[in-house]
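Working notes for the structure below.
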Amino acid sequence: MPLLDVNGITKRFGGLVAVAEVSFQVEEGQIFAVIGPNGAGKTTIFNMLTGLTGITEGAAAFAGQDLGRLPPHRITALGLGRTFQNIRLFGRMTVLDNVIVGFHCRTRTGLLGALVQTGPARREWAETRERALGLLRMFGLEGLKDEMTGNLPYGQQRGLEIVRALATDPRLLLLDEPAAGLNIAETEVLMGHISRLQSEFGKTILLIEHDMKLVMGISDRIVVLDHGRKIAEGEPAAIQADDQVIEAYLGTGFKKAHARG
Amino acid sequence: MKRRALLLVFAVLVLSALPFVVADPYWLHLLIMSIMYMMLAASVDIIYGYAGQLNLGQAAFAAIGAYVTALLMLRLHISYWVAMPLSGLGAAFFGLLLGFPTLRLRGLYLGIATMGFSEIVRLVLLTWSSLTRGPMGLPGIPSPTIGSFAIESKTAYYYLILVYLLITIFSIQRLVNSRVGRAWIAIREDETAAMAMGIDTARYKVMAFSLGAFFAGIAGSFYAVYISFVSPDAFKMMDSYLIFAMPAVGGMGTMLGPLIGALIIYVLPEATRVFSDYRMLWVGALLVVVMVSEPRGVLGGVASLIERSRRARQES
């Protein structure tokens, strides 16, 4: 059984069809990329999978569980973590607190526990803090823990968003253009991080990205969308050679550059 | 950390000693009322300052608390110490009721809905004469008693409201520095991202509403026994706006902000009663000036001053 089974999902906004009958399966442990020109419906698919917008037709199942009617917080609790294309960190919170919020669905303290500061509540808070610090340490952000997140440079914000998503303890991590706006050096670091997510943390990754070097370098499998429809699916080498993909997205220059390189 | 604790103990000691210094009953009354407003300001700060939900009807919760206490004590002769928590719970219940339908509203639309709610509460209190005596209000609310001791003097009321305020602030601080409070702040900062972090945003928004209403209800309950009279005019729409403005002026989502704001907005105009006719004018002007020059309020201004001087020292 695939970890994520997307079966003919369609999204209509009024008369506009943003996503049309797209299907694909993500196996546990894969790095799976979704590519395509702007407006192809990539982010809409992410929003449907994470419950932020409804699925008009079709179905998506995560580990055998139908995602159709679940609210976003339940989907996160199932093990689907995500980042956003236009970074959505909690700006007026410290870096550490951002990660602590990520642990929300894996912790339990409620109103009473927090007010009375019961033993379990205190232990949980201390533990959460330690685990958040641990995650920051692994990604080299520990020194920034007390910084206001809104003040961080762009590249570090991108990194922090991944760390925060990791705190929700996802089995499948949805990364929406993690390299957008990063320079070459930052993208290299990011590629390393993403590979580590797969190898060290055993995460399955679904990735939207425009940086073709990154996508071709780390993906196990790629789906190509154009105007809401799936036009190709396969391994990186096959995608690069696909005439339809080159026509719609990569451009003929891409083929030449790769033929030369 | 230690310095903070010492400062806190010092502040509490100073506050406890105030009634011995302030002999004038008028000034003592001002102090009592301003502490009550601090409590109201802190209560609305839970809803807006932390959870980010615009609430322009906080005074309605205080009115509900005041009437619950008045009615329970006058009609059913229930002890104040039972009526007081019930007032808080009653207000919290209405906070819950208001919270649910407003889950779909954000920002200004939510603000308008809460204004409507506060006006409904006023109208019900005004027109349900068989229960509330309408505009005539409910006079003769008895004083709270502890054994044979009755809380009647201003000094005694001062200590009562001071204890309420301290409990309120203590509770809010504990909550804010917990999983619950962090969830509120996350919702304030970015609701979509909060959902993606697994936060049941509806639940936490309703929780903030009813908790803020709870503390406002307790403050209203205090008002009922302190003034010993409640009427639909006790907590008007205007009070909602002023209560809302207090944390905004002082510094939203901070411990001291609502307290400073309450001092500025309640005490200063009262203390300058000579200009009574114009005081709302300059309170309004002050709001404009603070918001334009430092959107984070007085505390935010102080923070950036400290930051600037620290940086200047580092550079020199």
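The table below lists the values:
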item: Elements of type helices (runs of 4 or more DSSP H) in region B:141-226, at least 2 residues being within 21 Å of B:L56 (Cα to Cα) and touching a residue at least 60 places away in the same chain (Cβ under 8 Å); result: B:154-176, B:179-189
item: Residue check for A:E127: within 14 Å of chain B (Cβ to nearest Cβ), charged (D, E, K, R) and surrounded by fewer than 15 Cβ atoms within 10 Å (Cβ to Cβ); result: yes
item: Options B:L259, B:L165, B:L175, B:L281; residue that is farther than 29 Å from B:G137 by Cβ, aliphatic (A, V, I, L, M) and more than 13 Å from chain A (Cβ to nearest Cβ); result: B:L259
item: Conditions (1) out of contact with any Ser or Thr (no Cβ under 6 Å at 6 or more places or on another chain); (2) closer than 30 Å to B:W184 by Cα; (3) among the polar types (S, T, N, Q); number of the one not met by B:S16; result: (2)
item: Some residue of region A:172-180 being out of contact with any His (no Cβ under 7 Å at 6 or more places or on another chain), in contact (Cβ under 8 Å) with a residue 40 or more places away in the chain and not hydrophobic (A, V, I, L, M, F, W, C); result: yes
item: Among residues of region B:144-196, those that are under 24 Å from B:D45 (Cβ atoms), surrounded by fewer than 21 Cβ atoms within 10 Å (Cβ to Cβ) and of a type in the set (G, A, S), counted; result: 1
item: Region A:79-107 - residue that is more than 8 Å from chain B (Cβ to nearest Cβ) and without any contact (Cβ under 8 Å) to a residue 60 or more places away in the chain and, of those, nearest to the chain's Cα centre (by Cα); result: A:N86
item: Qualifying residue in region A:229-239 (condition: under 22 Å from A:L80 (Cα atoms) and in contact with a helix residue (DSSP H, G or I) (Cβ under 8 Å, 6 or more places away or on another chain)); result: no
item: Test result for B:A202, within 14 Å of chain A (Cβ to nearest Cβ) and at pLDDT below 95; result: yes
item: Residues located in region B:129-140, provided they are outside any helix (DSSP H, G or I) and closer than 30 Å to B:L56 by Cβ; result: B:R133, B:G137, B:L138, B:P139
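Conditions tested, residue by residue: (1) buried (at least 19 other Cβ atoms within 10 Å of the Cβ); (2) under 22 Å from A:Q198 (Cβ atoms); (3) modelled with pLDDT of 95 or more; (4) within 19 Å of the chain's Cα centre (by Cα).
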residue: A:R137; (1), (2), (3), (4): no, yes, no, no
residue: A:G140; (1), (2), (3), (4): no, yes, no, no
residue: A:G143; (1), (2), (3), (4): no, no, no, no
residue: A:T149; (1), (2), (3), (4): yes, no, no, no
residue: A:P153; (1), (2), (3), (4): no, no, no, no
residue: A:R158; (1), (2), (3), (4): yes, yes, no, yes
residue: A:I162; (1), (2), (3), (4): yes, yes, no, yes
residue: A:L166; (1), (2), (3), (4): yes, yes, no, yes
residue: A:D169; (1), (2), (3), (4): no, yes, no, yes
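The values are calculated or read from the model by the stated rules, or taken from the named source; none is laboratory data. In this text the structure is predicted, and so the values were computed from the model without any measurement. When we count neighbours, we look across all protein chains shown, and the Cβ atoms used for this are built from the backbone with ideal geometry, even at glycine.
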